[in-house]
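Below you'll find the structure, written out as structure tokens, and then a few comments.
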Amino acid sequence: MKKFNIRKVLDGLTAASSSSSSPQSSNRDNDVVLETLQSEHFQLCKTVRHGFPYQPSAMAFDPVQKILVIGTESGALRLFGRAGVECYCQHEGNAAVIQLQFLVNEGALVSALSDDSIHLWNLRQKIPAILHSLKFSRERITFCHLPFQSKWLYVGTERGNIHIVNVESFTLSGYVIMWNKAIELSSKTHPGPVVHISDNPMDEGKLLIGFECGIVVLWDLRSKKADYRYSYDEAIHSVAWHHEGKQFVCSHSDGTLTTWNVRSPAKPAQIITPHGKQPRDGKKPDPCKPILKVEYKTEKSGEPFMVLSGGLSYDTVGRRACLTVMHGKSTAVLEMDYPIVDFLTLCETPYPNDYQEPYAVVVLLERDLVVIDLAQTGYPSFENPYPLSIHESPVTCCEYFADCPAELIPALYSVGSRQKRQGYSKKEWPISGGNWGQGAQSYPEIIITGHADGSIKFWDASALMLQVLYKLKTAKVFEKVPAKEEKSSPDVVDEDPFAVHSLSWCPESRVLCMAAVSAHVIVYRFSKQEVTLETVQLLEVRMQCELNDVDSPEGGGDQASAVSTPGASSSPQCGTPHPSTSSASSSEGPRDNVPCLRVRSSALKQSPGYQVELVIQLLWVSGEPPQQISSLAVNSAYGLVVLGNGNGVAVVDYLQKTLLLNVTTAELHGSPDPHQRQPRSPRKGRHPSGGLCDGNDGAVTSEDRCKSPTSGCGSPYHSDEDNKQKFLEKVKSKSRLISKSVANDFAKMSRKFSMAADHKHDGGSVRRQFSLHVEKRVCEAEEAAPRRKAASVYGTHFEHGLNARDGSFIHSRSSSMGSLDREAREVISCLHFCEIMSRNSELAPAPSLWLGTTLGTVLTVSLSVPSAPEQRLQQTVPVSFCGSLVRLKGGVLRMAVMDSTGSLVPPACEGWYDPNAPEEERERTRSRRTTSPSSSQENQDCQYAVVCSEKQAKVVAMPSQNCVYDHNITETSFVLRADVVVMSAGLCIACFCANGHIMTLSLPSLRPLLDVNYLPLTDMRIARTFCFSNLGQALYLTSPMEIQRLTYSQETCDNLQEMLGELFTPVETPEAPNRGFFKGLFGGGAQSLDREDLFGELAAGKASRSLAQHIPGPGSMEGMKGAASGVVGELARARIALDERGQKLGELEERTAAMMASADAFSRHAHDVMLKYKDKKWYQL
């Protein structure tokens, strides 16, 4: 355990950290923080992947192991067993998976890829690995078939040939079925690619080959010639056998099904068009869409099932994809939500020569997996236990919480269980293979995802599993948006107006706060009781930029101050939707004082769960939409929510439903006295929710609301209309120039900016005082916001940095910015509530709010929160600015507080209580959890502020505000996400950079502990959703449908094998069907084939070496021996040797048992001989 002394901190700084501050000499010798985290505590590895496979392309099912596998167009494999048993693996090269074949009950899988390679996977280990690969070089693979309990794989190619592969050694056989021998003179042209291969269920020596042109050949493997050839005019898509081997069905491109008798190749026994209109005159029905696949399954006690996809009539334009189930004379058409990729019929027996007894159909859609129950009337679907609904609406943000309060998951599950749909099949989920892991990781984990439709989902992510707990629909708070108005204003959002942009959640108090792209914030409280809200509590906020550079009119120095006098009342304000907001926008002028969405005016029924406490909406200003909210924070102990964007910051008291503070970014750095500001341009009337209002403010008419605060007071603006018009024209002309220059600048530069490297730290600690009793003016001149549009673009995309032209990621930096550019581009990027000692005179930590900006500045706001609950609801919360705390390079991403022992000081929070419970119960359960003040003497640093930006991390001693540690994280890239996380052995900063590096830094010394080049930033989805959590957990959205979880904890990596589930479990293969006495006597049963005699090297010879190349996989013995090196290699070889020794010992034991049995038999035989000749004479022998 290494000790780091604050007095000797300069000795531990790296050479790159050139701007670090020297430690204070007043620090004592005993100010020592013990750091227990070392580099050996960290290791990065992927754990599990959740969600629906992105772009699925193939599917297979093991009927004995009950395991389902799905392949994708990017070469990924997702294996599913029972609920909670999932596995992800990836082919190298990212070629699309075109077909999958299980070695039934063997724990192995064969995959065929679009790059003409086939691979053998070993599923007997928790993380599947490739044993063998075979790469075809001269022919393209189109279809594969592996008979049940066979080791010979048939591979059809685009040239029409069929090759045979031994799956044990993955070598080609010399036995080849050439296309010209298969069709001979039946066709004068090439038959096309092989689209189907299957053996006769009753005779393994007969192989059915389907060619794309419509020719089907029954090939005799023994005699190496074709027995029958069947020809049809339309192209073939699939073929299915009847289990007796006397008939087969083909699906064609014109929507027809042809049934053929094996011994009657001249014409089909039956031709049907399931979805075609049958003409009365006996003519051929109109052609339909192709039937892409058909399966023919029989029942012992009923009519056979025929299941098919496609084949709909061409006149059904816009109709969704359908699955057709034909059972006897009944036909059921099941509509699907998405196009069908593949389907499989699940049967009771794996043997193809027995009655199949189908019981379910697995349908793989482009965005969903559906399992249909064939045994129940109406064919209901099974309830899917997998977390495949992540993409139900596109994920727009994500948060990860590890080590949550234990009672959270049961509480969310209890209210979420009432949201489940009804009408599912009553049977158990049929895909039930595998076993759960036996991991020791037991702490609760919750993932929260925000979606484009405004919904928020809570997921239980404990023990490497994922299960949806509760779904919250935030769009119910607003009126429905008509389709024609949904995209009426492209300046607001380019997506769904309800899309969730950011989340702030307090797990202890269960208070949830969300911000959406339409510039609204909703505060939710958790309740177990159902309530009906007659009126939604609404607070409208007008935030806008201030133009300091426009010319003031003459006589402006004598104008009255734009800040009104303190209000005489501090009663809480309950904002409600008023009709004036809807009529404020007209065709005669720009939209003003209007929110982007209309809050519903009718009663809102709220089920148990999260219920609306307050809705905060930002308003349009002078025809410009409100900027998107860039940062959000909520604190349950203070009852405050703070939101920031490119215009400024607003602090809202959600208990009293009032706006405490609304200041622009420029005013955060401006004059300390709000009453002594420089004259500005004329302003429109303040909105009633722009600050605290009198109790009778609700009676003010909408006309009075829009008046200037100086109207009727002899203001020079109204005394001289000519001066006013001249001033407005001057504002307009200069504003156009400003808007044009800013827009051009934004087209050339990135959406993110850092401070110039040579920018000096503004050491001033001017204290800015604002009183809550002073109502903050928030109005602006009518035409004084032409820069809003450019700033709005920045506010919307400052996190993304995405080039709109080509979608590439750019991150430009500029060190030459004027005051106007700095004001327009400084955005509130990070917010943090804390209890800290800001000054040396303070004896105990006090509530504070930290504001971090994209220019690297951290500002401190002091909060005087009444401690008594009664006073908190009656008194206002005074707010005062304390100046800047620290300045870093790059935008501020994360802030935290540590105590003198090196422990994290979390924000104060309130214990959960039901807001709808009786008053007595509420008071009994309500408790405020605050941070205990550190025992220290005056003028002694006892806390540390931790600040991380896009480029740099700093640790500042409090209250002296001396920078004691700093570290330049990256010079060539920038940090996308940073979090201060709690590990089992201490604290650290976890960072994810745009160049793909994941780093961890110790606290407080900021020593690099981990630096791994994990994932280059190729998609902005990763940057938007990547998040760290405590105990070394992290996740990101790896595709629009999948969440990838990873860990950077060595402890979790060591226990990962135990935590993962097992795919393969020992199961006995069902017995083969009984042939019966007469079938066995007369040979009427299934005929077997010794394929080794036909395809082996002795009989068929060796295949051409140039046809395919064998590649040992990393999971094979050759691959393992080649990859083994060092200690890990020695351990692997030792394990292999132990396995081989155990196998040899097992074989020795079997041989010993056999020898003992033989000895016993010999002893018995000798004893019988002795008894036989015991009483006989020699002459009687």
Shape category assigned to region 255-397 from the gyration tensor of Cα positions, a/c cut at 1.5: oblate
Solvent exposure ordering (accessible area, 1.4 Å, most first) of Arg367, Arg872: Arg367, Arg872
Looks like region 167-250, by Cα gyration tensor root eigenvalues a ≥ b ≥ c and the a/c under 1.5 rounded cutoff (else prolate when a/b is bigger than b/c, oblate otherwise), is oblate
Please compute the modelled spin-label separation between Asp115 and Asn1013, points set 7 Å along Cα→Cβ, answer in nm with one decimal. 2.0 nm
Where only protein heavy atoms count, and the probe is 1.4 Å, what is the accessible area per residue for region 937-998 in Å²? 23 Å²
Could you state how much accessible area Met983 has, in square angstrom rounded to the nearest 10, with a 1.4 Å probe and all protein chains kept in place? 20 Å²
Rounding to the nearest 20 debye, state how big the charge dipole of region 239-315 is about its Cα centre with +1 on each Lys and Arg Cβ and -1 on each Asp and Glu Cβ. 200 debye
Evaluate the charge dipole of region 131-251 about its Cα centre and quote only its size in Debye, nearest 20, assuming +1 on the Cβ of each Lys and Arg and -1 on the Cβ of each Asp and Glu. 400 debye
How large, in percent, is the carbon and sulfur part of the accessible surface of region 86-213 at a probe radius of 1.4 Å? 48 percent
With a 1.4 Å probe and every protein chain left in place, work out the accessible area per residue of region 282-375 in Å², rounded to a whole number. 44 Å²
Taking H as built 1.01 Å from N, whose amide H comes closer than 5 Å to the amide H of Lys151, not counting residues under 5 places away? none
How far, in nm, would the chain grow between Lys289 and Arg1105 when pulled straight, counting 0.36 nm per residue and subtracting the alpha carbon separation? 289.5 nm
Is region 112-159 rounded, prolate or oblate when judged by the Cα gyration tensor, a ≥ b ≥ c being the square roots of its eigenvalues, rounded requiring a/c under 1.5 and prolate requiring a/b larger than b/c? oblate
For Trp152, Trp436, write out the residues from largest to smallest accessible area, computed with a 1.4 angstrom probe and no ligands counted. Trp436, Trp152
Here FRET efficiency (C-beta to C-beta, Ala269 to Ala1154, R₀ 56 Å, nearest 0.05) is 0.55
Rolling a 1.4 Å sphere over the protein heavy atoms, what is the accessible area per residue of region 120-239, to the nearest Å²? 39 Å²
If you count, for each residue, the other Cβ atoms within 10 Å and average over each peptide, how do 166-179, 633-646, 410-423, 204-217 line up from highest to lowest? 633-646, 204-217, 166-179, 410-423
Determine the relative contact order of region 298-379: mean sequence separation of Cα pairs under 8 Å and six or more apart, normalised by residue count, in whole percent. 22 percent
How much length would be gained if the chain were fully extended between Gln90 and Ser607, taking 0.36 nm per residue of separation minus their Cα-Cα distance, in nm to one decimal? 181.8 nm
If packing is taken as the average count of other Cβ atoms within 10 Å, what order do 609-617, 1100-1108, 534-542 fall into, highest mean first? 609-617, 534-542, 1100-1108
May I ask you to order 953-961, 379-387 by the average number of other C-beta atoms within 10 Å around their residues, highest value first? 953-961, 379-387
Might you work out the accessible area of Lys181 for me, using a 1.4 Å probe with all protein chains in place, and round it to the nearest 10 Å²? 130 Å²
Sequence-distant or interchain residues sharing an amide H contact under 5 Å with Gly51, placed H: which? Ile1043
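The values are calculated or read from the model by the stated rules, or taken from the named source; none is laboratory data. This is a predicted model, so every value here is computed, not measured. Every residue, glycine as well, gets a Cβ built from its backbone with ideal geometry; the counts of neighbours run over all protein chains shown. Surface accessibility is based on the protein's heavy atoms, side chains included, excluding ligands, DNA and RNA. Shrake-Rupley method; radii C 1.70, N 1.55, O 1.52, S 1.80 Å.
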